[in-house]
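Only one structure is covered here, and it is reproduced in the block below.
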Amino acid sequence: MIPPSIMMIVYGVAADVSIARLFIAGVIPGVLLVSLFMLCIMIHAWTRPGAIPPPDPAMTLSEKLYASRRLIPIVLLIVLVIGSIYLGLATATEAAAVGVVGSLILAASTGTLTRESFVESLLRATETSCMLAFVLAGAAFTTVAMGFTGIPKSLAALVNDWQLSAGMLVFVLTILYVILGCFLDGVSMIVLTLSVVMPMIHAAKIDPIWFGIYIVLVVEIATITPPVGFNLFVLQGLAKRDILFISQGAIPSFIALAFACWLIWAFPGIVTWLPSVMFNN
């Protein structure tokens, strides 16, 4: 949710929405999510004190800063990249280039930049870029194919005929994405459905920036929905525990995400306020 987000980039390209605006719109909901997850951890610590490890020894401020000496430059780099977008100094693509140069400088200054690590980084970046390129090419092909078939227009007209309110439409789409989350990852869900969903959103006069943030939240819910969320099986393979144990552990996060969805639906300004201020809309 907090930029930069691959799902926001995919949504922005597939839905023809400004990626910079999406990044800005995701900041407050991202902070909200972090706060809700922190609250879940606090409640877990209060209710199950034996499950929480003992606190670390007390440290002075200078000791904390020294221990964080390798983390602080990374945080500053993130602030530089995201800040350049927010201040209008760079587009999302230009900010990505700033991040790459900054990462290379940090790696060189800490002595971790070697020929092997540089080559591996290039290969990983190429793999990710090719994956996104194929996904977006598939999304563009699907959109064009859907346009020729007339399905999106027919569905938009059907929604109008049903006289569905914007709230009811969002509720139906939420259920659809939760079901899809049992079988697909987040990027695939967005790519495969947007060519059909976006005409409905435009017909219902729903802000596409707001819907982009909402759909990222819903996709996050869909992939951890017990007992068959896509990410639950990934976690099961990593943790080597049964799916029921993983599902139980995901319930607090599921509740926090669902509550966040309700909050941004009830108070859409959580999403739309910051972009409106930054772009003077």
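Cβ separations smaller than 7 Å between residues 6+ apart or across chains give no pair from the stretch 122-141 residues that are surrounded by 11 or more Cβ atoms within 10 Å (Cβ to Cβ) to residues that are part of a helix (DSSP H, G or I) and modelled with pLDDT of 85 or more.
Kindly indicate which of LEU180, LEU217 is closer than 21 Å to LEU132 by Cα and crowded, with 22+ Cβ neighbours inside 10 Å. If you could, list the steps in order and put the result at the bottom.
Numbers: LEU180 fails: crowded, with 22+ Cβ neighbours inside 10 Å.
The conditions single out LEU217.
Among the listed residues GLU63, GLU120, GLU94, which satisfies the condition of being within 21 Å of LEU274 (Cβ to Cβ), assigned to a helix (DSSP H, G or I) and more than 20 Å from the chain's Cα centre (by Cα)? Criteria check complete, one pass: GLU94.
Take the conditions closer than 26 Å to GLY269 by Cα, assigned to a helix (DSSP H, G or I), touching a residue at least 24 places away in the same chain (Cβ under 8 Å) and touching a Gly at 6+ places or on another chain (Cβ under 8 Å) and apply them to VAL219. Does it pass? Quick ask: steps written out before the conclusion?
Numbers: closer than 26 Å to GLY269 by Cα: yes; assigned to a helix (DSSP H, G or I): yes; touching a residue at least 24 places away in the same chain (Cβ under 8 Å): yes; touching a Gly at 6+ places or on another chain (Cβ under 8 Å): yes.
So VAL219 passes the test.
Conditions tested, residue by residue: (1) touching a residue at least 60 places away in the same chain (Cβ under 8 Å); (2) not in a helix (DSSP H, G or I).
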residue: VAL170; (1), (2): yes, no
residue: THR174; (1), (2): yes, no
residue: ILE179; (1), (2): no, no
residue: CYS182; (1), (2): no, yes
residue: MET189; (1), (2): no, no
residue: THR193; (1), (2): no, no
residue: MET200; (1), (2): no, no
residue: LYS205; (1), (2): no, yes
residue: ILE209; (1), (2): yes, no
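For the stretch 66-79, the set of residues classified as assigned to a helix (DSSP H, G or I), within 24 Å of the chain's Cα centre (by Cα) and not β-branched (Val, Ile, Thr) consists of PRO73, LEU76, LEU77, listed by residue number.
Considering only the stretch 249-258, I want to know if a residue exists there that is at pLDDT below 75 and either of a type in the set (S, T, N, Q) or over 17 Å from VAL31 (Cα atoms) (or both).
Taking the stretch 249-258 and keeping what is at pLDDT below 75, we get none.
Scanning the stretch 249-258, I find no residue that is at pLDDT below 75 and either of a type in the set (S, T, N, Q) or over 17 Å from VAL31 (Cα atoms) (or both), so the answer is no.
Of the numbered criteria (1) under 19 Å from the mean Cα position of the chain (by Cα); (2) hydroxyl-bearing (Ser, Thr, Tyr); (3) over 15 Å from ILE19 (Cβ atoms), the one THR110 fails is (1).
Can you tell me how many residues within the stretch 222-232 are part of a loop (DSSP other than H, G, I, E, B) and of a type in the set (S, T, N, Q)?
Of the stretch 222-232, the ones part of a loop (DSSP other than H, G, I, E, B) are 223-229.
This time we only want the ones that are of a type in the set (S, T, N, Q), so: 223, 225.
Residues in the stretch 222-232 being part of a loop (DSSP other than H, G, I, E, B) and of a type in the set (S, T, N, Q): 2 in total.
All conditions but one from (1) modelled with pLDDT under 80; (2) surrounded by 11 or more Cβ atoms within 10 Å (Cβ to Cβ); (3) under 22 Å from VAL101 (Cα atoms) apply to ILE52; the one that does not is (3).
Scanning the stretch 252-272 for residues being in contact (Cβ under 8 Å) with a residue 60 or more places away in the chain and within 14 Å of PHE211 (Cα to Cα) gives a total of 9. Among the residues of the stretch 245-264, what is the count of those that are over 24 Å from VAL170 (Cα atoms) and either buried (at least 19 other Cβ atoms within 10 Å of the Cβ) or of a type in the set (Gly, Ala, Ser) (or both)? The total comes to 3.
Restricted to the stretch 259-281, and to residues there that are touching a Ser or Thr at 6+ places or on another chain (Cβ under 9 Å) and in a helix (DSSP H, G or I), the residue that is modelled with the lowest pLDDT is PRO275.
Considering ILE224, ILE201, ILE206, ILE246, which residue is under 18 Å from MET1 (Cα atoms), modelled with pLDDT of 80 or more, of a type in the set (A, V, I, L, M, F, W, C) and in contact with a helix residue (DSSP H, G or I) (Cβ under 6 Å, 6 or more places away or on another chain)? Please lay out each step first, then the result.
Numbers: ILE201 fails: under 18 Å from MET1 (Cα atoms); ILE206 fails: under 18 Å from MET1 (Cα atoms); ILE246 fails: under 18 Å from MET1 (Cα atoms).
Exactly one residue qualifies, and that residue is ILE224.
Applying the set (1) at pLDDT below 85; (2) part of a helix (DSSP H, G or I); (3) farther than 28 Å from SER129 by Cα to SER84 leaves exactly one unmet item: (3).
Scan the stretch 92-107 and tell me whether some residue there is over 26 Å from MET7 (Cα atoms) and in contact (Cβ under 8 Å) with a residue 12 or more places away in the chain. Yes, because at least one residue in the stretch 92-107 is over 26 Å from MET7 (Cα atoms) and in contact (Cβ under 8 Å) with a residue 12 or more places away in the chain. Is there a residue being at pLDDT 80 or above, closer than 18 Å to GLY249 by Cα and not charged (D, E, K, R) anywhere in the stretch 58-80? For the stretch 58-80, residues at pLDDT 80 or above, closer than 18 Å to GLY249 by Cα and not charged (D, E, K, R): absent.
The values are calculated or read from the model by the stated rules, or taken from the named source; none is laboratory data. Not measured: the values here are computed from a predicted model. For neighbour counting, all protein chains shown are included, and Cβ atoms are generated from backbone atoms with ideal geometry for every residue, glycine included.
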